[in-house]
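Reading through the structure tokens given below for one structure.
The values are calculated or read from the model by the stated rules, or taken from the named source; none is laboratory data. Source: prediction; values computed, not measured. So basically every Cβ, Gly included, is an ideal-geometry build from the backbone, and we count neighbours across all protein chains shown. All accessible areas refer to the heavy atoms of the entire protein, side chains included, with ligands and DNA or RNA removed. Shrake-Rupley method; radii C 1.70, N 1.55, O 1.52, S 1.80 Å.
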Amino acid sequence: MAFNDLLKQVGGVGRFQQIQVTLVILPVLLMASHNTLQNFTAAIPTHHCRAPAHANLSKDGGLEAWLPRDQRGRRESCLHFTFPQSGPPFPNGTEANSTGATEPCTNGWIYDNSTFPSTIVTEWDLVCSHRALRQLAQSLYMVGVLLGAMMFGYLADRLGRRKVLILNYLQTAVSGTCAAFAPNFPAYCAFRLLSGMSLASISLNCMTLSVEWMPIHTRAYVGTLTGYVYSLGQFLLAGMAYAVPHWRHLQLLVSVPFFAVFIYSWFFIESARWYSSSGRLDLTLKALQRVAQINGKQEEGAKLSMEVLQANLQKELTVGKGQASATELLRCPALRRLFLCLSMLWFATSFAYYGLVMDLQGFGVSMYLIQVIFGAVDLPAKLVCFLIINSLGRRPAQMASLLLAGICILVNGVVPQDQSIVRTSFAVLGKGCLAASFNCIFLYTGELYPTMIRQTGMGMGSTMARVGSIVSPLVSMTAELYPSVPLFIFGAVPVAASTVTALLPETLGQPLPDTVQDLDSRWVPTQRETVTHPRKGKLRRQQQEQQKHMVPLRASAQEKTGLQD
């Protein structure tokens, strides 16, 4: 576990870390925009049937003669009369309209373009019998995120974080731009799927590449910073959607900047920790010396050599590349336990999160306002989560955020429908807790998995999150049975998942594990002893802390002895 000492030797949190982490996290601003983009690009404006082609509005008494009304006196969105009706517009089934037969719209729809001049709904008529296609577009995007997490997570462990990130930036820029010029709905869905694949990998690799270049005590800061940038991206989306309401222009606006990110990403330095876990010691030395030069630590960098790295990184070098396989997540008992527990946490967080944020029109207030409120609640929520993460640990932060989110959603399910302010308040509070849970799970997962399989584990966790986001729209359809049913489901799942965190080890102040052996020898026995023999577990942790402090001292003494010889 000497890699942290090597990072401190070449500058710790120096100029290189500050620049690279900033540039790596910057695209997260637009990633937030892509994830919830269809709240605006696929918004459903008020609409009603266009008059039939054979209608003569001047003789029939205007358009109103063709449009039936619902029980609340509003125009029906998907029906029109087969023949014009005379007399005042009564609700369906009363007086003059009682004999008026209706049929589905045969000549298209007329949309209210006052708020949304153009969306994919108005352009391709995704309303009435085609309404499900709107959800299909978002579900296919999430399918892309799922596939990207599985595929690119594995490739990042094989090819490196930097190469995969460069490819993802280009893919996002090209597929997002093509979606803005899509000639039809199937082409749009295909390009959105490709965007989802690349954006899933960007979210995983930006966190991993940043964390692997940072010392132990700064990892929580990196995770919190990434979360705040994502929250700022929600503010940015509300502003951009308000300023650029046309869906094609908005799609283009959030995609073109990735071309610039693709260009500067060539200057990223690959993770030296990944190099060492892959057995490429020469590239590890080269990367560390380059970082030392950027940080103004040329003398410290010059002290590094192949011999020094071999002495400090023996454990990483003794592990073959073949063990970094996805099958290890199920084959190894320690990894299997982590995988199952973390999968439940990822699924629950994403399932409830997208159940709330993808239904902005259901709150009955301005979509732009609710988007800003949803972004604003993240700021205090993630601050509180950060304080808990750094003081009490990752495990209590993860448990509390999921538990509180579930309780807020469950309470919202029993609040009467007409109390929109109370319902919106609970929804916003629940969303803030889920955002904090996302912030914690990204950091927690990266700290639990060993370096050799970290990206694969992150990818599988994100895959389960995407399964949750895909299932979420299907659960929302249960509102046809009873309006509060989706809320009870969205609330019960995170409450149940919060109990799983008790089975996970704490990572506060612990070095990142590099191999499965680290996981077996350090965390699993410690956890088992703490549960069965609290005193023995505490004593073992104290001994491990002493050993951690003694290893650098012995290495330093050996180095001095070598210099004297």
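Do we find a residue being over 21 Å from the mean Cα position of the chain (by Cα) and under 22 Å from PHE488 (Cα atoms) anywhere in the stretch 363-374? Checked the stretch 363-374: at least one residue is over 21 Å from the mean Cα position of the chain (by Cα) and under 22 Å from PHE488 (Cα atoms). Evaluating LEU342 against the criteria (1) at pLDDT below 85; (2) buried (at least 17 other Cβ atoms within 10 Å of the Cβ); (3) of a type in the set (A, V, I, L, M) leaves one unmet condition, (1).
From the list ALA200, ALA220, ALA241, which one is closer than 24 Å to SER366 by Cα and either hydrophobic (A, V, I, L, M, F, W, C) or touching a Phe, Trp or Tyr at 6+ places or on another chain (Cβ under 6 Å) (or both)?
ALA241
Restricting attention to the stretch 268-289, the residues that are free of Cβ contacts under 8 Å to residues at least 40 places away in the same chain and surrounded by fewer than 19 Cβ atoms within 10 Å (Cβ to Cβ) add up to 5. With respect to PRO257, is the statement that it is under 30 Å from VAL357 (Cβ atoms) and either more than 16 Å from the chain's Cα centre (by Cα) or of a type in the set (A, V, I, L, M, F, W, C) (or both) true? Yes: the conditions hold for PRO257. Considering only residues in the stretch 413-428 that are free of Cβ contacts under 8 Å to residues at least 60 places away in the same chain and outside any helix (DSSP H, G or I), the one that is least open to solvent (accessible area, probe 1.4 Å) turns out to be VAL415.
Looking at this structure, is LEU329 at pLDDT 85 or above and either part of a helix (DSSP H, G or I) or open to solvent by 50 Å² or more (accessible area, probe 1.4 Å) (or both)? So LEU329 does not fit the description; no. When only residues in the stretch 498-518 that are over 23 Å from ASN390 (Cβ atoms) and of a type outside the set (D, E, K, R) count, which is farthest from the chain's Cα centre (by Cα)? This residue is GLN517. Based on what the data block shows, is LEU448 touching a residue at least 12 places away in the same chain (Cβ under 8 Å), closer than 15 Å to VAL493 by Cα, crowded, with 20+ Cβ neighbours inside 10 Å and of a type in the set (A, V, I, L, M, F, W, C)? Considered against the rule, which asks whether it is touching a residue at least 12 places away in the same chain (Cβ under 8 Å), closer than 15 Å to VAL493 by Cα, crowded, with 20+ Cβ neighbours inside 10 Å and of a type in the set (A, V, I, L, M, F, W, C), LEU448 comes out as no. Among the residues of the stretch 390-413, those that are farther than 11 Å from SER437 by Cβ and of a type outside the set (Lys, Arg) comprise ASN390, SER391, LEU392, GLY393, PRO396, ILE407, CYS408, ILE409, LEU410, VAL411, ASN412, GLY413.
Taken over the stretch 429-465, the criterion of being over 23 Å from MET150 (Cβ atoms) and either over 15 Å from the mean Cα position of the chain (by Cα) or part of a loop (DSSP other than H, G, I, E, B) (or both) is satisfied by LEU429, GLY430. Once the stretch 165-204 is narrowed to residues that are within 18 Å of the chain's Cα centre (by Cα) and of a type in the set (A, V, I, L, M), the residue that is most open to solvent (accessible area, probe 1.4 Å) is LEU194.
Yes or no, residue by residue, for (1) part of a loop (DSSP other than H, G, I, E, B); (2) open to solvent by 10 Å² or more (accessible area, probe 1.4 Å):
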site	(1), (2)
ASN4	no, yes
GLY11	yes, yes
GLN17	no, no
VAL21	no, yes
LEU30	no, yes
SER33	no, no
PHE40	no, no
ILE44	yes, yes
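In the stretch 107-124, the residues that are closer than 11 Å to HIS246 by Cβ reach residues that are open to solvent by 70 Å² or more (accessible area, probe 1.4 Å) and not small (Gly, Ala, Ser) with C-beta atoms within less than 9 angstrom, at least six apart or across chains, in these pairs: SER118/HIS249; THR122/ASN113.
Just to check your reading of the model, which residue among LEU434, LEU410, LEU403 is in contact (Cβ under 8 Å) with a residue 60 or more places away in the chain, more than 20 Å from ILE202 (Cβ to Cβ), open to solvent by less than 10 Å² (accessible area, probe 1.4 Å) and of a type outside the set (Ser, Thr, Tyr)? Exactly one residue qualifies, and that residue is LEU434. Filtering the stretch 219-259 to residues that are β-branched (Val, Ile, Thr) and either in a helix (DSSP H, G or I) or open to solvent by less than 10 Å² (accessible area, probe 1.4 Å) (or both) leaves VAL222, THR224, THR226, VAL229, VAL254.
Of the residues that make up the stretch 347-362, is at least one surrounded by fewer than 19 Cβ atoms within 10 Å (Cβ to Cβ), modelled with pLDDT under 80 and within 22 Å of TYR230 (Cα to Cα)? If you could, list the steps in order and put the result at the bottom.
Filtering the stretch 347-362 for residues surrounded by fewer than 19 Cβ atoms within 10 Å (Cβ to Cβ) gives 359, 361-362.
Within this subset, residues satisfying the condition of being modelled with pLDDT under 80 are 359, 361-362.
Still in the list and also within 22 Å of TYR230 (Cα to Cα): 359, 361.
Checked against the condition, which is being surrounded by fewer than 19 Cβ atoms within 10 Å (Cβ to Cβ), modelled with pLDDT under 80 and within 22 Å of TYR230 (Cα to Cα), the stretch 347-362 yields at least one hit.
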